[in-house]
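Down below is the structure, laid out as C-alpha cells.
The values are calculated or read from the model by the stated rules, or taken from the named source; none is laboratory data. Since the model is a prediction, treat every value here as computed from it, not as a measurement. Note that each Cβ is placed from the backbone with ideal geometry, even for glycine, and that neighbours are counted across all protein chains shown. For the accessible areas, the whole protein counts, side chains as well, though only heavy atoms, and no ligand, DNA or RNA atoms are used. Shrake-Rupley method; radii C 1.70, N 1.55, O 1.52, S 1.80 Å.
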Amino acid sequence: MTAATAREEGSQAAPPDPGAAAELDGFRVELTGYAYRMLGSVHDAEDAVQETLLRAWRGLDRFDGRSSLRTWLYRIASNVCLDQLRGRGRRALPADLGLPFPPVAAALGAPEPAGRWVEPAPDAAVLATVGDPAELAVARESVRLAFVAALQHLPPRQRAVLILRDVLRWRADEVAGLLDASVPAVNSALQRARATMAAGAAAAPGPPLDREHRDLLDRYVEVFERYDIDALVGLLRDDAVHSMPPYRMWLCGAGDIGRWLVGPGAGCRGSRLVRVAANGGPALAQYRPDPAGGHRPFSIQLLEFSGGRISGLTHFLDPRLFPRFGLPTRLDP
C-alpha cells in the first residue's frame, strides 16, 4: 500500500455520520464477489469486505472525490485481498494436486486444513440480482467453481488484473490507477494471466444449464435419494471426477465412483437433498441420516455437466457451510 492510499483509506480518521454505512453497504455483494474470486473462499471474502467497509467508513471524510466511490472501494478491497494473499499458499481442488486414488477406505486419509481448498459460495453472497442481463451472465460464469479454482493458479496481482479487466470490464488505465501500476504493466500482467488460464483444462467456465441439464439434475436427485447407484453411474461420463474436500482423495471414472458409493460411501444411503444456488448455478445440500433421528448436514454438492452427462461431483464435507446458505441445522423426519 502506498502512502497516498493509506491517507485516502484514512484508517485513523474519526468516524463520520453513521448513516454513511448504509451507502457503503450497498456495495457489499459485488465486493464480496470480487474478493471471492481473488481468495477462493467465501469466509475469507466476507472478512475482507468487512475490513474494506470498515476502512472506508472510518476514512470517508477524507475521500476527496477524485474517483468514484465504487472505484475507491475497489482500491481498498484490492489492497486488503493482496495483503491476505501475501505469503499464503494457493487454494485448490483435490484434482489439482495429483493423480486419482483407488475407491477404497484406506485412500481417504485424514482431512486437510480448510485453508487448503477452494470453497463454494452462495449466489446471494457474491452475485447481484439486478442489472444488465449480459453483465449478470458474465458474473455468473466467473464464479463457477472450475473458473475460481483456475484463478488461484495466477499470482495475486495477475489475478486482480484479470478479474478487473476481463470479468468486471474495467479499462486498463482504471486498473493501473487502482493497483498503483503503469498501463504497460497492467497489459503485460493481463497477457500473462490470459495465457496461464488458457493453458489450464479448467480455465473456461461451463455453459449455463439448459433444459437437458436441468432434467439431468432432477434425475440425479431422484436416484441419489433412492440410492440407486447403478442408475446414478448411468448419469455419469466415463471420465467423471468425484472429490470430497477437505480430503485430498479424488476419484476418476464412473466405475470407481460407483464402487466408492456402494462401499466406503454407503453411509450416504437414505440421504435427503435440498436445492440451493451456488457458484452461479444449482447446487445441492445433502443431509445424511442421523442415528438419533432425522437428518443432519453433511455436504454441499456442486455438479458439472458436459455432453448430456455429469462430468464432475464435488462434495464439500463441511456442515459449517449450511448456515451461509440459509439452511436448517437438521431435517426432522
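Which net charge results when you count Lys and Arg as +1 and Asp and Glu as -1 among the other residues whose beta-carbon is under 12 Å from that of residue 237?
-2
The Kirkwood radius of the range 209-286, taken over pairs of alpha-carbon atoms, gives through the Stokes-Einstein law at 25 °C and 0.890 mPa s a diffusion coefficient of 184 µm² s⁻¹. Taken per residue, the accessible surface of the chain reaches 45 Å², heavy atoms only and a 1.4 Å probe. Across the accessible surface of the chain, with the other protein chains kept in place and a 1.4 Å probe, carbon and sulfur atoms take up 55 percent. Once you have a ≥ b ≥ c as the square roots of the Cα gyration tensor eigenvalues for the chain, tell me rounded if a/c is under 1.5, and otherwise prolate or oblate according to whether a/b is larger than b/c. Prolate, since a/c reaches 1.5 and a/b exceeds b/c. Magnitude of the charge dipole for the chain, about its Cα centre and with charges confined to Cβ atoms of Lys, Arg (+1) and Asp, Glu (-1), is about 560 debye.
Counting only trypsin sites (Lys or Arg not before Pro) that DSSP places in a loop and that have at most 13 other Cβ atoms within 10 Å, the longest clean stretch of the chain runs over 172-333. What is the distance in Å between the Cα centroid of the range 76-133 and that of the range 253-330? Here the answer is 17 Å between Cα centres.
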